[in-house]
Amino acid sequence: MMGLSLFSIAVLLLIGLVLFLYSLPTLRDNNTFHLFFTSSWKPFKGEFGFGAFIYSTLYVTFIAIVMAFPPALLCALYMSEYATSTVKRVFSPVIDLLSGIPPVIYGVWGTLTIVPVISEKLAPHFVDFSTGYSVLAGGVVLAIMILPLIVSILIEVFTAIPKGIREASLSLGATKWQTVKKVILKKSLTGIVATVVLAVSRAFGETIAVLMVCGNFTDIPQSVFDACYPLPALIANNYGEMMSIPGYESALMFAAFLLFIIIVIFNAGSRLVLYRIKKNSQS
């Protein structure tokens, strides 16, 4: 078991090492500030600015989490605390089914429904023009994709809380909602944070669905109605194409390395938050 645990860690380190080694030419040939904070993407001239891609990735993921988490939390609370056995029996398979739908289906659906709604109905109230292929479209599609995942995990988190804790709260005169708010949510805090971490990690790496609705424009979006270009879409769109351009493969490997680092840093930070939450709850 120790060997398997060390092997899993070694695989993670190996992935990071390989991506770093392939990224070295880009790191050597370009200024660090230019790589991270500019959006000048001109492969034929050897200019690789990843600012727009990094910003787009964070922007779309943030919108997706903000849109998906509140309804997912309320849905999970209803399914675990209020729903009858009949409702659970009907809706639990539906949630699992939504989790299993291929991302390309969400992408096609977003192209046919979300993009026209943003372009024709929503954007005209805020900006002069928008094609609909935008940060908002990517965030909406991504939110719908990760919502079933969040609901499924949160239901498991809430179900794992001992029944005696609920009964003790109710026996002291607390209402059902007070029990949920003061007991269930408080006891589940670490599980809720862990669920958000998993959802964000899934959102960071999503490729096809986001690629189909974001517009893939290499510039920093100024609003949610502007097109964007997340890092996974950049890699999926361009890897295998135009590899004869000097430094292009290394630049794409650097994009993958950036995505890897972002996810590792986010997960490490989240683990630190979880540790402090546990420590405070025990003291």
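The values are calculated or read from the model by the stated rules, or taken from the named source; none is laboratory data. Worth saying up front: this structure is predicted, and the values here are computed from it rather than measured. Virtual Cβ from ideal backbone geometry, glycine too; neighbours counted across all protein chains shown.
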* Structure fact -> By residue number, the members of region 115-150 that are among the charged types (D, E, K, R) and in contact with a Cys (Cβ under 7 Å, 6 or more places away or on another chain) are none
* To do: Say whether the condition of being of a type in the set (Val, Ile, Thr), under 30 Å from residue 108 (Cβ atoms) and touching a residue at least 24 places away in the same chain (Cβ under 8 Å) is met by at least one residue in region 250-265.
  => yes
* Select from region 56-102 the residues that are among the hydroxyl-bearing types (Ser, Thr, Tyr) and either surrounded by 11 or more Cβ atoms within 10 Å (Cβ to Cβ) or in contact with a helix residue (DSSP H, G or I) (Cβ under 6 Å, 6 or more places away or on another chain) (or both) and list them in ascending order. => 56, 57, 59, 61, 78, 80, 82, 92, 99
* Residue satisfying condition, being of a type in the set (A, V, I, L, M) and in contact with a strand residue (DSSP E or B) (Cβ under 6 Å, 6 or more places away or on another chain), within set 209, 233, 251 -> 251
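Yes/no per residue for (1) within 22 Å of residue 178 (Cβ to Cβ); (2) out of contact with any Leu (no Cβ under 9 Å at 6 or more places or on another chain); (3) in contact (Cβ under 8 Å) with a residue 12 or more places away in the chain; (4) aliphatic (A, V, I, L, M):
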position: 39; (1), (2), (3), (4): no, yes, yes, no
position: 42; (1), (2), (3), (4): no, yes, no, no
position: 46; (1), (2), (3), (4): no, yes, yes, no
position: 51; (1), (2), (3), (4): no, no, yes, no
position: 54; (1), (2), (3), (4): no, no, yes, yes
position: 59; (1), (2), (3), (4): no, yes, yes, no
position: 64; (1), (2), (3), (4): no, no, yes, yes
position: 74; (1), (2), (3), (4): yes, yes, no, yes
position: 80; (1), (2), (3), (4): yes, no, yes, no
* Asked: Can you tell me which residues in region 205-220 are crowded, with 22+ Cβ neighbours inside 10 Å and not small (Gly, Ala, Ser)?
  -> 206, 210, 211, 212, 213, 214
* To do: Enumerate the helices (runs of 4 or more DSSP H) found wholly within region 100-189, keeping only those where 2 or more residues are over 16 Å from residue 77 (Cβ atoms).
  => 103-109, 135-159, 163-171
* To do: Show the residue pairs that are 6+ apart or on different chains and have beta-carbon atoms under 7 Å apart, the first residue being within region 199-228 and on the phi > 0 side of the Ramachandran plot, the second being polar (S, T, N, Q) and part of a helix (DSSP H, G or I).
  => 216/237
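Quick one: is residue 130 without any contact (Cβ under 8 Å) to a residue 40 or more places away in the chain, in contact with a Ser or Thr (Cβ under 9 Å, 6 or more places away or on another chain) and at negative phi? Even if it seems obvious, please write down each step before you answer.
Values: without any contact (Cβ under 8 Å) to a residue 40 or more places away in the chain: no; in contact with a Ser or Thr (Cβ under 9 Å, 6 or more places away or on another chain): yes; at negative phi: yes.
Here the answer is no, as residue 130 does not meet what is asked.
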* To do: Answer yes or no as to whether residue 196 is surrounded by fewer than 18 Cβ atoms within 10 Å (Cβ to Cβ), modelled with pLDDT of 85 or more and either within 30 Å of residue 170 (Cβ to Cβ) or not polar (S, T, N, Q) (or both).
  => no
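Can you go through 50, 7, 62, 36 and tell me which one is farther than 25 Å from residue 244 by Cα and either among the acidic types (Asp, Glu) or within 22 Å of the chain's Cα centre (by Cα) (or both)? Full working, then the answer.
Working: 50 fails: farther than 25 Å from residue 244 by Cα; 7 fails: either among the acidic types (Asp, Glu) or within 22 Å of the chain's Cα centre (by Cα) (or both); 36 fails: farther than 25 Å from residue 244 by Cα.
Going through 50, 7, 62, 36 in turn, the sole match is 62.
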